[in-house]
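Before any comments, here is the structure.
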Amino acid sequence: MSSDSAQDLIAAVKRACDRKVALCLQGGNTKDFYGREPCGEPISILSHSGIVDYAPTELVITARGGTRLTEIESVVAEHKQMLAFEPPSFGSEATLGGTIASGLSGPRRPYVGAARDFTLGIRMINGRGEDLKFGGKVMKNVAGYDVSRLLVGSMGTLGVLLEISLKVLPVPKVEQTLMFELEQDQALALQNDWARKPSPISATSYREGVLHIRLSGSEKGVKAARARLGGEKIDHGRKHWHDIKEQRHKFFSQSGPLWRISVPPTAPTLNIPGSALLEWSGALRWLITDTPAQKIRAEVDKLGGHAVLFRGGDRENAFHPLATAVHKLHENLKKAFDPMGVLNPGRMYEGI
Amino acid sequence: MSTPASQFKEPLESVRARVADDLRAVVAAESVLSDIESLRPYECDGLSAYRKLPLVVVLPDRIEQVQEVARYCFKNDIPIVARGAGTGLSGGALPIENGVILSLAKFNRVLKIDAQNRTAVVQPGVRNLAISEAVAHLDLYYAPDPSSQIACTIGGNVAENAGGLHCLKYGLTVHNILKLKIVTVDGDLVTIGSDALDSPGYDLLSILTGSEGLLGIIVEVTVKLLPKPECARVIMASFDDIEKAGNAVGNIIAAGIIPGGLEMMDNAAIRATEDFVHAGYDVEAAAILLCELDGIPDEVEDDIESVKVVLAQSGYTQMQIAENEAQRQLFWSGRKAAFPAVGRISPDYYCIDGTIPRRALGSVLNKITELSKEYGLRVVNVFHAGDGNLHPLILYDGNVEGDLEKTELLAARILQLCIEVGGTITGEHGVGMEKIDQMCVQFDSLELTQFHAVKEAFDEKRLLNPDKAVPTLHRCAEFGAMHVHKGQLKFPEIERF
Ligand SMILES: Cc1cc2nc3c(=O)[nH]c(=O)nc-3n(C[C@H](O)[C@H](O)[C@H](O)COP(=O)(O)OP(=O)(O)OC[C@H]3O[C@@H](n4cnc5c(N)ncnc54)[C@H](O)[C@@H]3O)c2cc1C
């Protein structure tokens, strides 16, 4: 918790600018498999850690980029609160900075919001080595462009995240997991029907004929929903959702490239061969397949979604290619934050 | 940094005539307004203290026409100010003398409703409430509900990241949209976001939302729809002390409850609205809280019980739960009519939008009372307590010499106070022209420079709503010379003049 750890990082970025060398930002290195190949001189954020401010009645926690995700999760849990976007950690070493920079969200995402939705403010170092603050610790803030959210999921290519303020939510009083046996098309249709009505569904998964759903809410609310939805109650719900989130479920141990495919929830069963696991009421589809990237993306484009090569395979084009005009905006933004290209260059797209 | 179009060498009137003629080649002749009387209605937005006539007003009705207008302006270095319904409260749609007002008013159609996917594709000029009305028969609605929802447009909502009475639970505009089509400064049509829950690359949807017309012209919006809550109930509680009411807000949240709406009014607001709508408010209370719980009936029942306990522990003096829908509407009627009610007791009022951490509610409200006395201006407080978004209304009389200036000074003091307690100068109304100087207090020169760099990534020539939302460093230097903050110069590196 050295008070100079931020200054050290700032100095390191400035030096990198002077020397014109690329930096590879590292937290707990739990997500170095994700995106394009990391390259550049490693620079660790780990020493810049610690919770800066946490007031449960404000529903806001502020912590430094190098703080372990597990530390944050256990501190908020003491006050019966949670990071509602359920970020996957992929290892106990995961840091808050890496979590926000990769922008990944877990099972609860479609029902409460994503990492970006809970990000209220940041302190960051841009590629010029400048120490900047955007957003804040309040729920609503429209002063200036929403740079905080822009940084979520930017894979460290726009700035080093020094501090992050997140909105937290109360832990639901009761959670219960139900199981249904049905075909995939039926499962998709059913989930979309459920989503048309208010319900306390907070996670879904579908794999090989079995749909799991999680209900979250007050005792009466969950009971009423269960009576309405039917299904069979299972006891190992907590472990099930944890395994899905952390990719420890046996689906993920199959060999072959793993694709993360994001589509509108009403998209039909994908016309791509492979082994699939569905989440987010059908809006997120994990696929293990050797089908060529181009074919997958052509199919997913038609549905209005995008496909990320999540693990394995050829990382060169891990992220879905952008439309020309959008790519140009990415280049311009990269230049606006990191004109020398010292921050994780090429981690997302070539030249960005 | 001057506005590029200020380089016109000919007189303004002949420029006006020429630009109007040129634009009539792009859109129907009657869709270009250039005589002074027709320009008048566009000279201000909801912040009527600031007025300026635009060069011309153009009202295209097809995306290609917006592109053509943008290309023309780009080529000729003419600034463009996009305009929705003009209900903005920060002068965002305030015209620029040598710039075009591009009104999206004719883009007023709901293009597609996808009930199963719970989305709607709408044109930017569609009114906020019209979206919910268009999908009501499907038991769906669009959640963000600014008080201006009968009038304001979804394009304006996106440009301001508008909030509403229910954003603590349901989020702001940024949480409730999926995709935008924008026309860039040079006339390209670009899709931002997608029909899926997330999109590849940077979160451009976030940077566009709340960008106040400075980064692109929004020409289509895909919004998320939510199922209507099956039930909503409201509790009204009075307190004899404003600080107690403020603490009650934090206590409700600490108890693990996120109400659909959590609003507060101080005594001045209670009296003004009670006189106006006769909602049965407790006019003796220092403050009342309106706490709405919504969702599935069993859940709401549980929450009502918990909130009752918390309110008791927080020391209310009276409490009432609406027995039926009519009473619920009645409880809300005063809160919803707060602005017009205040309009009845004062010739003019000025609405502020600072947001603070909830824990500072009591102390900030007390401080505002002191400031109100110091400046001799009445202040009425009605606000979104759940998310700490204050709306102090300063009452003044524009016909009294010096009253507006005094009001602006008081407003600046209140905003400064919001920053000091760790808050922000604007929670939902935007910076526009109005709060541009306070931006110099909230951000330092490096941060402002970074904002300008973002602007340039989208609009290198600075033609889209230029000189709003983000102040130039020169402007801040001039402002700083007048208002030295805590004895420190905020912009020491800039020459003063
Ligand atoms: C009585 C009253 C109550 C209000 N209550 C609330 C409230 O509860 N919550 C809240 O958030 N706001 C509130 N407002 C403020 C205002 O209604 C919102 O800011 C609203 O979003 C503005 O929408 P508009 O269509 O009127 O936009 P305008 O005022 O026309 O424009 C606002 C800004 O958006 C830009 N803009 C507009 N359309 C586009 C477009 N298509 N593309 C790009 N830029 C565009 C303009 O250039 C301008 O900068 C209130 C206003 C009033 C008068």
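The values are calculated or read from the model by the stated rules, or taken from the named source; none is laboratory data. Just so it is clear, the model here is predicted, and its values are computed rather than measured. Heads up, the Cβs are rebuilt from the backbone with ideal geometry, glycines too, and the neighbour counts pull from every protein chain shown. What goes into the accessible areas is simple: the full protein's heavy atoms, side chains included, and nothing from ligands, DNA or RNA. Shrake-Rupley method; radii C 1.70, N 1.55, O 1.52, S 1.80 Å.
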May I ask you to find the residues of segment B:340-383 that are shielded by at least 20 Å² of accessible area once the whole protein assembly is considered instead of their isolated chain (probe 1.4 Å)?
-> B:Thr355, B:Pro357, B:Arg358, B:Arg359
What dipole magnitude, in Debye to the nearest 20, does the protein assembly as shown give about its Cα centre under +1 on Lys/Arg Cβ and -1 on Asp/Glu Cβ?
-> 1420 debye
Applied in sequence order to segment B:282-293, the curve 6.51 cos²θ - 1.76 cosθ + 1.60 (Karplus, θ = phi - 60°) yields integer Hz couplings, x standing for Gly and Pro, of 7, 6, 8, 5, 6, 7, 10, 10, 10, 10, 9, 10
Could you list, bin by bin from short to long, the percent of Cα-Cα pairs of segment A:1-62 in 10 Å steps?
-> 18, 37, 31, 12, 2
The set of residues whose placed amide H lies less than 5 Å from the amide H of B:Ile177, leaving out same-chain residues fewer than 5 positions away, is B:Lys224
Got a number for the accessible area of A:Glu299? Probe 1.4 Å, square angstrom, nearest 10.
-> 40 Å²
How much accessible area does B:Asp188 have with a 1.4 Å probe, in Å² rounded to the nearest 10?
-> 80 Å²
Exceeding the 22 Å Cα-Cα cut-off - candidates B:Lys181/B:Lys228; A:Lys137/B:Lys373; A:Lys80/B:Lys336; A:Lys80/A:Lys167; B:Lys52/B:Lys336 | B:Lys181/B:Lys228; A:Lys137/B:Lys373; A:Lys80/B:Lys336; B:Lys52/B:Lys336
Taking a crude spin-label model, label points 7 Å out from Cα along the C-beta direction, the A:Ser255 to B:Lys106 distance in nm is 6.3 nm
Solvent accessible area, Å² - A:Leu23, 1.4 Å probe, full protein context | 10 Å²
Relative contact order for chain A, counting Cα pairs under 8 Å that sit 6 or more residues apart, in percent = 19 percent
So, in nm, how far is label B:Asp186 from label A:Lys239 when the simple model puts each one 7 Å beyond its Cα toward the Cβ?
-> 5.9 nm
Report, in whole Å, the centroid distance computed from the Cα atoms of segment B:134-209 and segment A:318-352.
-> 25 Å
Just the isolated ones, please: cysteines in chain B lacking another cysteine beta carbon under 4.7 angstrom.
-> B:Cys44, B:Cys73, B:Cys152, B:Cys167, B:Cys231, B:Cys291, B:Cys351, B:Cys418
Roughly how many Å² is the accessible area per residue of segment B:5-103, as a whole number, for a 1.4 Å probe?
-> 42 Å²
How big is the protein assembly as shown by the Kirkwood estimate over distinct Cα pairs, in Å?
-> 27.7 Å
Obtain the nm distance between the two label points defined at B:Ala115 and B:Ser38 by a simple spin-label model: each point lies 7 Å from its Cα along the Cα-to-C-beta direction.
-> 4.3 nm
In segment A:167-227, how does Rg compare with the Kirkwood Rh, expressed as the Rg/Rh ratio over alpha carbon atoms?
-> 1.00
Which FRET efficiency value, to the nearest 0.05, is calculated for A:Gln294 and A:Leu182 with the Förster distance at 30 angstrom and r the Cβ-Cβ distance?
-> 0.40
Between A:Arg123, A:Arg207, A:Arg36, find the one with the highest GNM mean-square fluctuation for chain A; connect C-alpha pairs within less than 10 Å.
-> A:Arg207
Take every Cα-Cα pair in chain B and report what % of them are more than 33 Å apart.
-> 41 percent
Listed residues A:Ile296, A:Ile45, A:Ile164; largest mean-square fluctuation, Gaussian network over chain A with Cα springs below 10 Å, found at A:Ile296
Carbon plus sulfur fraction of accessible area for segment B:5-103, probe 1.4 Å, in percent = 50 percent
Accessible area lost on pairing B with A, both sides, 1.4 Å probe, Å² to nearest 100?
-> 6600 Å²
